[in-house]
1. At 1.4 Å probe size, with every protein chain present, just tell me what the per residue accessible area of the range 187-296 comes to in Å².
2. Can you list the chymotrypsin sites (Phe, Trp or Tyr not before Pro) in the range 185-219 that are in a DSSP coil and have 15 or fewer other beta carbons within 10 angstrom?
3. Give me, ordered by chain and number, the residues 5 or more places off Ser55 or on other chains with an amide H under 5 Å from its own placed amide H.
4. Which residues' amide hydrogens lie under 5 Å from the amide hydrogen of Asp71, considering only partners 5 or more residues apart or on another chain, with H built in the peptide plane?
5. What is the antiparallel percent of DSSP beta bridges lying wholly in the chain, to the nearest 5?
6. For the range 100-169, what is the accessible area per residue in Å², given a 1.4 Å probe and the full set of protein chains?
7. Hey, any idea what % of the range 27-116's accessible area is carbon plus sulfur with a 1.4 Å probe?
8. Angle check, please: helix 137-153 long axis (alpha carbons) against the longest principal axis of the chain (alpha carbons), in degrees 0 to 90, nearest 10.
Amino acid sequence: MKTPHSLIPEQKENIKHGEVYFPIQKYITKLTKEAPVITMHWHEEAELTLITKGSCVYQIDLVEYEASTGDILFIPPLLLHSIILKSSQDFCSETYVFHMKLLGGNTADICSTRYLTPMVNHELSLPCLITADHPAYDSLCKSFAQLASLYDTRMFGYELAIKSYLLQTLFLLLQYSITRFSTESDSSDKLKIVLDHIDLHYAEALSVSELAKLCYFSEYHFMRFFKKHMNMTCIQYINNIRLEKAVELFEHGNTSILEVSLSVGFHNLSYFYRAFKAKYHMTPLAFIKRLELDSV
């Protein structure tokens, strides 16, 4: 049995979820006062989540949803989403990230053309948050429990059953779907463009003016727009990305702090030290030493 991955704020979404021929992966997400946020991101896969402890605020396609223990969330492919801890209590959830091609989303049958493809294209909008008072809640909980059990036990033929329970989940959600005549909102598209640009150019000098032009916003409008949807300033977000990239380099064996600092876009070493300590509560040198001890 595979150990479920831990979905933490530093994890990037360019990873492979599951196997090539069975693209589904289980994740355990934990948020605490020290790490209270999963930053805004998106991926090709859909997500099905059960909140197992605590409460949080999900932002999905720039809409906020308050979720707590027992709630179920479904996030379609390609939608921006983030999670923020709501209270001082720790938060935990169980998530299955799966590609729609697992369910036949890349075939030409009626299920794909009438339902799966419109879901991927956001022509059909399914409910994202299902609470205990929703008519489909009990049925969805049963499907989720069966899916989780099969994923962990992996009895012979479990792949067929997992596929069937995911299809049943979509069937239940489809009963409460609405038709949309546009894809993602203009604001969501603009934010994706900016986040993509930062992810590609984080090691370079990035200015608010440059990013604002990508959205055709004034700098003032852009800064308000970014903070509203990301719950942090643009500079804070860029620094977070750079620090996460620095951690990846340290974990891959690069022990030159100056080299790492420069390669991720920090050209002031003392500023890199301060930013790193503020985020990870230790200096870069202490982090490297901890990695060395862990590898012994």
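The values are calculated or read from the model by the stated rules, or taken from the named source; none is laboratory data. As the structure is a prediction and not an experimental result, all values here were calculated from the model. Cβ atoms come from the backbone with ideal geometry, glycine included; neighbour counts cover every protein chain shown. Quick note on the areas: whole protein, heavy atoms, side chains included, nothing else; ligands and nucleic acids left out. Shrake-Rupley method; radii C 1.70, N 1.55, O 1.52, S 1.80 Å.
1. 56 Å²
2. Passing sites in the range 185-219 are Tyr216.
3. Those qualifying (amide H under 5 Å, at least 5 residues apart or on another chain) are Lys86, Ser87.
4. Answer set, sorted by chain and number: Ile51.
5. For the chain, the DSSP antiparallel bridge percentage is about 95.
6. 52 Å²
7. The C+S portion of the solvent-accessible surface of the range 27-116 is 53 percent.
8. That works out to roughly 70 degrees.
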